[in-house]
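Asker: Structure below; questions to follow.
Just so it is clear, none of the values below were taken in a lab; they were calculated from the coordinates. From a predicted model like this one, the values you see are computed outputs, not experimental measurements. Here the Cβ positions follow ideal geometry from the backbone for every residue, glycine too, while neighbour counts run over all protein chains shown.
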Amino acid sequence: MMATQRVFTGAPWEKAVGYCRAVRSGASVYVSGTAPVAPDGSVHAPGDAYAQARRCFEIAIAAMRELGASPEHVVRTRMYVTDIRRWADYGRAHAEAFGAHPPATSMVEVKSLIDPAMLIEVEVDAVLT
């Protein structure tokens with residue numbers, strides 16, 4: 001039987017919605033939609049697409065590390081953005097996080113995220129080799 005490990009951040013949404021930040025099942029690691037949340041719970045860097053993307057990847061990578069994964073294990077990312085015209089800012093942060101081992105990725109414009117100040121939310125999937 002394969003053990004499942006979970007990472008929780010303590011965010012109030014985890015309990016209210018019934019999810020965790022990341023899950024590892026066998027060699028697979030899945031990071032939930034990760035928004036640009038500052039340590040105090042506020043939105044990180046309102047209006048700054050690049051800084052928000054960097055923050056999302058920092059949070060996602062930290063959760064992966066708790067489960068034994070690193071950026072080189074990432075096989076797929078998804079970026080949900082509220083303004084696709086800022087693609088270069090989001091892309092620069094993505095390249096900094098994963099450019100040494102490029103994963104498959106998507107960038108999709110969405111109408112809005114849970115907080116109007118949030119410009120991006122990301123998901124990350126990894127496979128430990």
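Asker: With an 8 Å cut-off on Cα pairs and a minimum separation of 6 or more residues, tell me the relative contact order of the range 48-129 in percent.
Answerer: Working: 125 pairs, mean separation 38.4, N = 82.
Answer for the range 48-129 is 47 percent.
Asker: Another question, if that's okay. Tell me the label-point distance for the pair E58, V127, using the 7 Å Cα-to-Cβ offset, in nm and rounded to one decimal.
Answerer: Result: 3.1 nm between the two label points.
Asker: Now for a separate question. Modelling each spin label as a point 7 Å along the Cα-to-Cβ direction, I'd like the S112/W87 distance in nm, to one decimal.
Answerer: About 2.5 nm separates the two model spin labels.
Asker: Given that just one value was derived from the coordinates, which of (i) 11; (ii) 14; (iii) 25 is percent of Cα pairs over 27 Å apart?
Answerer: (ii)
Asker: Rounded to the nearest 500, what is the 222 nm mean residue ellipticity of the chain from helices alone, with -39500 (n - 2.57) per DSSP H run of 4+ residues and division by all residues? Don't skip to the answer; put the middle values down first.
Answerer: Values: 3 runs with 36 residues, N = 129.
Roughly -8500 deg cm²/dmol at 222 nm, from the helical runs in the chain.
Asker: Output the 0 to 90 degree angle, nearest 10, between the alpha-carbon long axis of helix 49-66 and the longest principal axis computed from the alpha carbons of the chain.
Answerer: Computed tilt is about 10 degrees.
Asker: What is the spin-label model distance, in nm, from R76 to A11 if the labels are put 7 Å beyond Cα along the C-beta direction?
Answerer: Going by the 7 Å Cα→Cβ label model, 2.0 nm.
Asker: Tally Lys/Arg at +1 and Asp/Glu at -1 over every other residue whose Cβ is under 10 Å from the Cβ of M79; what's the total?
Answerer: Values: positive: R78; negative: E109, E121, E123.
Overall, the nearby charge balance is -2.
Asker: Here's a follow-up. Quick check on the exposure proxy: order T105, T129, T77 from fewest to most C-beta atoms within 10 angstrom.
Answerer: Details: T105 16, T129 7, T77 23.
Going from least to most buried by this count: T129, T105, T77.
Asker: Could you grab the relative contact order for the range 31-86? Cα pairs under 8 Å, six or more apart, rounded to a whole percent.
Answerer: That works out to 28 percent.
Asker: On a 0 to 90° scale, report how tilted helix 87-98 is relative to the longest principal axis of the chain, with both axes built from alpha carbons and the result rounded to the nearest 10.
Answerer: Value to nearest ten degrees: 30.
Asker: Among F57, F98, which comes first, then next, by fewest other beta-carbon atoms within 10 Å?
Answerer: Working: F57 26, F98 18.
Fewest to most other Cβ atoms nearby, the residues stand as F98, F57.
Asker: Hey, another quick one. Compute the length gained on full extension between S25 and D48: take 0.36 nm times their separation in residues and subtract their Cα-Cα distance, giving the result in nm to one decimal. It would help to have the intermediate numbers written out before the result.
Answerer: Details: separation 23, 0.36 × 23 = 8.28 nm, distance 3.44 nm.
Separation in residues times 0.36 nm, less the Cα-Cα distance, equals 4.8 nm.
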